[in-house]
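Engineer: Take a look at this one; I'll ask things after.
The values are calculated or read from the model by the stated rules, or taken from the named source; none is laboratory data. Everything numeric in this text was worked out from a predicted model, so none of it was measured. Cβ: placed from backbone, ideal geometry, glycine included. Neighbour counts: every protein chain shown.
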Amino acid sequence: MPKPDLREATSAYEPLLPIEKKLIGWSLGAGLALLALLVVVNHFVPLN
Amino acid sequence: MSEATLPLRAAAPPRFSEDLVAVGLGLVVFLLALGSLAGADALGWLVTTSVWTNPSLALAPVSKAYANLGGAGSLLATYVVLTAVLSAAAYLLRDDVKRFAVAFTGVFVIAYASWFIGSWAYLAAVTRADQAKFGVSWSLKLTNEGGYIVALLAGLVIANAFPAFAERLRSAVRPELYIKIAIVILGAFIAVTMASKLTLASSLMLRGLAAIVEAYLIYWPIVYLIARKGFGFSREWAAPLASGVSICGVAAAIATGGAIRARPQVPILVSSLVVVFAVIEVLILPFIAQTFMSREPLVAAAWMGLAVKTDGAALAAGGITQSLIQAKTAAEGIAYQPGWMLTVTATVKVFIDVFIGVWAFILAYIWTNHINPRAGAQKARLGEIWERFPKFILGFVATFLITLALALGTTAGSSGQLTAAVGEANVLRVIFFVLTFFSIGVMSNFRQLWQEGFGKLAAVYLVSLFGFVVWVGFVISWLFFAGVKPPLAS
């Protein structure tokens, strides 16, 4: 297995695949929705 | 944090994983501490350092029952026992035991000397009353936990100015092992702290969920996108980098590297960057928190857990933040119960750690089935969730639950005994924190940043960390912890 070189990390551009776009989109969407839910829960069950 | 760690040791597989060794050692310390409930003071000989102006009076055994040992005797006993026990751990991890013991001697001497210097009254005295008590006209008011910063700086100096010496210490420079042992012990300390305010404690748990959401579902995709689209990194580099910046640093990068079947060196190079930036964060963020957030101590504590990468650095930053804010508020006449800020930082960090196995499995599934589906290549297995689960968390949960049960089931009198017992274990927790700090410093070779190609990797980290991780972490900490104060000390 060839040893990685930092120079090769960006040498050949790999376009974003649809599955990567899905991963990013779903993660962010789920994250923001869950965060909003937790903010609501936090409002009704505040820390004391 | 997973079982993975920086590959500084021999190639042969260890007899036990680092996580299991850490759990074993942490539980032994915990059980020995509980022995004092049955009248067996098994840890009373451990050395503690008080704030000092006369160095000969600084050291003492933690328990008066061992007063005849004296400060030097207890320091020697602590060194000898730690060297023996950790050398046994090195054997289980298949390290060269002799080399470890020699290197650990150097690590212990410098780390504890740093802690000792940090307790000098000119650095540590907090209030005017303290200054008057020690006869000093000024002090940096770092509290004795400023010793963590001294240890970190000592490590940094050695790593960057004396690389040959750093190499000789290398086999005992094991921040992941030290912090895992400390976290297992910390479970008991947190339980004792939480037992007095169960409602607040249970509410903190709910906030831990927000940390998981933030790290995995908000930070990760944004950093990944920045690395891929903004800087043109390949998938093999972008995924470990996103985990390193977003989750808990070194171990998350390595777990992700394994999950996406990256070449082993990729997450290791990312990890070395994580350590360097964690050091920078530890040296900056606690002081920002003290300056701007002393009125919101729990916001500051949660912020450390969300913003500082690697468990060791995050908990250390939480500890330093706690000390700095308590020092500032004490000067204003407000004395908070110690431990709550560190508890919040640890809760946030532990919650984030727990989810690593699941996240690594999700990435493994996507990579092996959609991104890189090679014929004959091993597909993601559900068992990977357990394999990558950070087992030392189980030790933390065990000491936490046992201590909490004991605390809730005891009378007021025996509660004091339990607090004292856990306090003795906590002395070791502090020593392991100091060892962690020093080790992180020794591993932080800033010259790596000038390696060809490293600049771009560092740029992603810099943009992500200081561009939004730190700020989003602050906003979310504020949303969930603003207005909540730690209980006041009685």
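Engineer: Is at least one residue of segment B:274-281 of a type in the set (A, V, I, L, M), under 21 Å from B:P487 (Cβ atoms) and assigned to a helix (DSSP H, G or I)? Quick ask: steps written out before the conclusion?
Structural biologist: Of all residues in segment B:274-281, those of a type in the set (A, V, I, L, M) come to B:274-276, B:278-280.
Applying the additional criterion that residues be under 21 Å from B:P487 (Cβ atoms) yields none.
No: segment B:274-281 contains no residue that is of a type in the set (A, V, I, L, M), under 21 Å from B:P487 (Cβ atoms) and assigned to a helix (DSSP H, G or I).
Quick grid of which residues meet (1) more than 30 Å from B:V475 (Cβ to Cβ); (2) surrounded by fewer than 17 Cβ atoms within 10 Å (Cβ to Cβ); (3) touching a Cys at 6+ places or on another chain (Cβ under 6 Å); (4) in contact (Cβ under 8 Å) with a residue 40 or more places away in the chain:
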residue	(1), (2), (3), (4)
B:K309	no, no, no, yes
B:G312	no, no, no, yes
B:A317	no, no, no, no
B:Q322	no, no, no, yes
B:A331	no, yes, no, yes
B:V397	no, yes, no, yes
B:T403	yes, no, no, yes
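Engineer: Check every one of the helices (runs of 4 or more DSSP H) wholly within segment B:375-490 and list those with 3 or more residues that are within 14 Å of chain A (Cβ to nearest Cβ) and not hydrophobic (A, V, I, L, M, F, W, C). Can you show your working first?
Structural biologist: Working: elements: B:383-388, B:392-409, B:412-443, B:454-464, B:470-481.
Counting at least 3 such residues, we get B:454-464.
Engineer: Moving on to the next point. Among the residues of segment B:244-257, is there at least one that is of a type outside the set (D, E) and surrounded by fewer than 23 Cβ atoms within 10 Å (Cβ to Cβ)? Before you say what the answer is, go through the steps one by one.
Structural biologist: Initially, segment B:244-257 is screened for residues of a type outside the set (D, E), giving B:244-257.
Now drop any that are not surrounded by fewer than 23 Cβ atoms within 10 Å (Cβ to Cβ), which leaves none.
No, the conditions are met nowhere in segment B:244-257.
Engineer: Of all residues in segment B:39-66, count the ones that are exposed (fewer than 13 other Cβ atoms within 10 Å of the Cβ) and in contact with a strand residue (DSSP E or B) (Cβ under 7 Å, 6 or more places away or on another chain). Before the answer, list the steps.
Structural biologist: Step one: list which residues in segment B:39-66 are exposed (fewer than 13 other Cβ atoms within 10 Å of the Cβ), which gives B:39-40, B:54, B:56-57, B:64-65.
Okay, now just the ones that are also in contact with a strand residue (DSSP E or B) (Cβ under 7 Å, 6 or more places away or on another chain), so none.
Residues that pass the stated criteria total 0.
Engineer: If I go through segment B:236-265 residue by residue, how many of them are closer than 17 Å to B:L306 by Cβ and either charged (D, E, K, R) or over 20 Å from the mean Cα position of the chain (by Cα) (or both)?
Structural biologist: Number satisfying all stated conditions: 1.
Engineer: For segment B:152-181, what are the residues that are closer than 20 Å to B:S87 by Cα and among the β-branched types (V, I, T)?
Structural biologist: Answer for segment B:152-181, where residues must be closer than 20 Å to B:S87 by Cα and among the β-branched types (V, I, T): B:V173, B:I179, B:I181.
Engineer: I'd like the residue in segment B:217-235 that is buried (at least 24 other Cβ atoms within 10 Å of the Cβ) and more than 7 Å from chain A (Cβ to nearest Cβ) and, out of all such residues, is nearest to the chain's Cα centre (by Cα).
Structural biologist: Looking at the filtered set, the residue picked out is B:Y219.
Engineer: Continuing with this model, one more query. For segment B:200-215, state whether one or more residues are within 7 Å of another protein chain (Cβ to nearest Cβ), free of Cβ contacts under 8 Å to residues at least 40 places away in the same chain and at positive phi.
Structural biologist: No, every residue in segment B:200-215 fails to be within 7 Å of another protein chain (Cβ to nearest Cβ), free of Cβ contacts under 8 Å to residues at least 40 places away in the same chain and at positive phi.
Engineer: Looking at B:T329, B:T310, B:T291, which one is modelled with pLDDT under 90 and polar (S, T, N, Q)?
Structural biologist: Numbers: B:T329 fails: modelled with pLDDT under 90; B:T291 fails: modelled with pLDDT under 90.
The conditions single out B:T310.
Engineer: Pull out all pairs, ordered by first then second residue, where Cβ-Cβ is under 7 Å, the residues are six or more apart or on different chains, the first lies in segment B:262-275 and is more than 9 Å from chain A (Cβ to nearest Cβ), and the second is charged (D, E, K, R).
Structural biologist: B:V274/B:K309
Engineer: Something else about it: Only one of (1) surrounded by fewer than 17 Cβ atoms within 10 Å (Cβ to Cβ); (2) at pLDDT below 95; (3) in a helix (DSSP H, G or I) fails for B:L69. Which number is that?
Structural biologist: (1)
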